[in-house]
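These notes are about the structure you will find just below.
The values are calculated or read from the model by the stated rules, or taken from the named source; none is laboratory data. Everything quoted here is computed from the prediction, not taken from an experiment. Here the Cβ positions follow ideal geometry from the backbone for every residue, glycine too, while neighbour counts run over all protein chains shown.
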Amino acid sequence: MGYLEAKADGIRMEKSRIDNTMFFPPCRVCGVEVYSQNYIRGRNYRCKDCKALEARAKRQRAGRARMRQP
């Protein structure tokens, strides 16, 4: 898990000075590379901007649901 899966999936990796591997999988929404200290195949990585947009949409849906209740 991790390094071998990332290598097989074509994920960009870099070594840090402390001998840690940094992974850069693509964001599932916009495709921008996202920094991660570990890589798990099948996980949906999201960038900071897409997380904010999804959270805003979730809050709006929750607000509409409260408005519909009598």
Item checked: Hits in the stretch 27-37 (condition: surrounded by fewer than 15 Cβ atoms within 10 Å (Cβ to Cβ), farther than 14 Å from residue 54 by Cβ and either under 9 Å from the mean Cα position of the chain (by Cα) or in contact (Cβ under 8 Å) with a residue 12 or more places away in the chain (or both)) -> 32, 33, 35, 37
Note to self: Among the listed residues 51, 15, identify the single one that is loosely packed, with under 10 Cβ neighbours inside 10 Å and either within 12 Å of the chain's Cα centre (by Cα) or of a type outside the set (Ser, Thr, Tyr) (or both).
What the structure shows: 15
Check: Take the residues of the stretch 1-52 that are among the basic types (Lys, Arg) and outside any strand (DSSP E or B): which is modelled with the lowest pLDDT?
Finding: 17
Next item on the list: Answer yes or no as to whether residue 67 is loosely packed, with under 14 Cβ neighbours inside 10 Å, at pLDDT below 90 and not in a helix (DSSP H, G or I).
Entry: no
